[in-house]
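The structure under discussion appears below in the form of structure tokens.
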Amino acid sequence: MTKKILVVGPSWVGDMVMAQVLFKLIKQQEPTTQIDVLAPEWSLEILARIPEVSNNILLPIKHGQFALQQRIAVARQLRLQAYDQAFILPNSWKSALIPWLARIPLRTGWLGEMRWGLLNDVRYLNKKVLPKMVQRFAALAFASKAQLPSSLPVPSLSFSYSSVHNVLEKFALHVATPVLAVCPGAAYGPAKRWLPEYYVQVASEKLAAGWQVWFFGSQADSEVIQIIQRQIPGSTTSFAGKINLLETVDLLSQASAVVTNDSGLLHIAASLNKPLVAIYGSTSPNFTPPLGEKARVLTQNLACSPCFKRECPLGHFDCMRKIKPNQVLNALASLEQS
């Protein structure tokens, strides 16, 4: 009989991409397992590019909402599916409520917000043993206290050449010349964003070298992208707020190289194994590093970082300010030669 698993997915793009490692490990152990993922609407498109997932189930509740009656209604529907096990990836108490209400017999997750009872396969996190988020996801695939394999699978979002062709045609794009993908936003806050004037210098250099420059981001990133574009002496293309996540995956698959802050787009690009320069300031590459094989990480390792704040609490923003454009250009050059 096919084992049926429900995964309560994370709330951030990058985290959902990294969760594919858990899905791969489950499938490695039991290839016939059915994996369904309960997730917010924005992430359903990412899940459509994760082949290990059988069904994407909409969680019709906004991030941070309790919405007890809605959770009860979702749980009633899930109960009919007779899942054997649930993996709850967020650490919040409320994220574990639906699997409990759905009477899923085995409910696995980290203790988090003291989730006694809601979880019955409780894991206790040792951050020194599992410093990376992807390790914490991966560990749930094994028995409690089991040692992780020496190497883990990496995320690998899928794309089709027909869908790539369609989006290139939609925007009248070509890839006959190299493409630098630039991702200058970060939904978490400004402390994760490299300086716009630095992006201007990098993009200008690549344009002068005959490259195309494509900007990626959400509608919220449009303003900063426009600021950057206005200062670049040449024509660039912005997709901020104009494409969905499926199209984002397709277009990033065509990039020759990517420069990005620590954001969901970083993890999408890494999952496509793109040559990638990842810039970290207030956050830590030791916690959420790019998992692709062609990534270069730039970080200052200052005494005040990582602070994980949305804005620089000291006001100097040195963790980003001291990473200079020539460092990014040198990293790009080394990727081209490798």
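Compute the distance in nm between two label points, each set 7 Å from the Cα along the Cα-to-Cβ direction, one at residue 318 and one at residue 175.
Calculated label separation equals 4.2 nm.
For 15, 318, 262, 221, what's the fewest-to-most ordering of other Cβ within 10 Å of each Cβ?
318, 15, 221, 262
Rounded to the nearest 0.05, what FRET efficiency do residue 166 and residue 338 give with R0 = 41 Å and r taken as the Cβ-Cβ distance? Could you check?
It comes out at approximately 0.85.
So which lysines can residue 128 reach, going by Cα to Cα under 22 Å and dropping same-chain residues fewer than 8 places off?
145, 309
Work out, step by step, the length gained on full extension between residue 148 and residue 227: first 0.36 nm times the residue separation, then minus their alpha carbon distance; give nm to one decimal.
Between residue 148 and residue 227, full extension yields an extra 23.9 nm.
Please state the charge dipole magnitude for the stretch 17-94, taken about the Cα centre, from unit charges on C-beta atoms (+1 on K and R, -1 on D and E), reported in debye and rounded to the nearest 20.
240
What shape does the stretch 109-191 have by the C-alpha gyration tensor, where a ≥ b ≥ c are the square roots of the eigenvalues, rounded means a/c under 1.5, and otherwise prolate means a/b greater than b/c and oblate the rest?
Because a/c hits 1.5 or more and a/b exceeds b/c, the stretch 109-191 counts as prolate.
Using only alpha carbons, build the gyration tensor for the stretch 4-139 and give me the equivalent ellipsoid semi-axes, biggest first, whole Å.
20, 18, 15
In which sequence would 319, 304, 312 go, from the one with the fewest C-beta neighbours within 10 Å to the one with the most?
If I rank by nearby Cβ atoms, fewest first, I get 304, 312, 319.
Tell me, 114, 133 in order of fewest to most beta-carbon neighbours within 10 Å?
114, 133
Check residue 240: other-chain or 5+ apart residues with amide H under 5 Å from its amide H, H built from backbone geometry?
Amide H neighbours of residue 240: 217.
Using only DSSP helix segments of four residues or longer, with each worth -39500 (n - 2.57), what per-residue ellipticity at 222 nm results for the chain after dividing by its residue count and rounding to 500?
One gets -9000 deg cm²/dmol as the mean residue ellipticity at 222 nm.
Rounded, prolate or oblate for the stretch 1-80? Axes are the square roots of the Cα gyration tensor eigenvalues, ordered a ≥ b ≥ c, and the cut-off for rounded is a/c under 1.5.
Judged from the Cα gyration tensor, the stretch 1-80 comes out oblate (a/c at least 1.5, b/c at or above a/b).
Kindly state, to the nearest 0.05, the FRET efficiency for residue 82 paired with residue 244, given R0 = 30 Å and r defined as their beta-carbon distance.
Once the sixth-power term is evaluated, E becomes 0.35.
When only C-alpha pairs under 8 Å and at least 6 residues apart count, what is the relative contact order of the chain, in percent?
16
Could you size up the charge dipole of the stretch 4-139 around its Cα centre, putting +1 on the beta carbon of Lys and Arg and -1 on that of Asp and Glu, and report it in debye to the nearest 20?
Once rounded to the nearest 20, the dipole reads 340 debye.
Please report the relative contact order for the stretch 4-139, taking Cα pairs under 8 Å with a sequence separation of at least 6, and give it as a percent rounded to a whole number.
Result for the stretch 4-139 is 25 percent.
Can you return the aspartates and glutamates within cross-link range of residue 132? Criterion is Cα-Cα under 18 Å, with same-chain partners fewer than 8 residues away left out.
Cα-Cα hits under 18 Å: 15, 262, 293.
When the Karplus curve 6.51 cos²θ - 1.76 cosθ + 1.60 is applied with θ = phi - 60°, which whole-Hz ³J(HN,Hα) does each residue of the stretch 133-147 get, with x for Gly and Pro?
3J(HN,Hα) across the stretch 133-147, in whole Hz: 4, 5, 5, 5, 5, 4, 4, 5, 6, 10, 4, 4, 6, 5, 7.
Applying the Karplus parametrisation 6.51 cos²θ - 1.76 cosθ + 1.60 with θ = phi - 60° to the phi angles of the stretch 149-154, what ³J(HN,Hα) value in whole Hz is obtained for each residue in order, glycine and proline being reported as x?
Those phi angles translate into x, 5, 9, 9, x, 10 Hz.
May I ask which of 170/294; 170/324; 4/127 have a Cα-Cα span longer than 32 Å here?
Beyond 32 Å between Cα atoms: 170/324.
Which aspartates and glutamates, if any, have their Cα less than 13 Å from the Cα of residue 94, not counting same-chain residues under 8 positions apart?
Cα-Cα hits under 13 Å: 113.
If amide hydrogens are placed 1.01 Å from N in the peptide plane, which non-local residues have theirs closer than 5 Å to the one on residue 257?
179, 181
Amide H to amide H, which residues 5 or more places from residue 87 or on other chains are under 5 Å from it, using H placed in the peptide plane?
Amide H neighbours of residue 87: 6, 7, 8, 108.
Where the only charges are on Cβ atoms (+1 Lys, Arg; -1 Asp, Glu), what is the dipole of the chain about its Cα centre, to the nearest 20 debye?
The calculated dipole for the chain is roughly 960 debye.
What's the ranking of 281-288, 229-236 by average number of surrounding C-beta atoms within 10 Å, highest first?
281-288, 229-236
All of the numbers you see were taken from the coordinates with simple rules; none came from a lab. All figures in this text were calculated on a predicted structure; none of them were measured in a lab. Here Cβ is always computed from backbone atoms with ideal geometry, including for glycine, and neighbour counts include all displayed protein chains.
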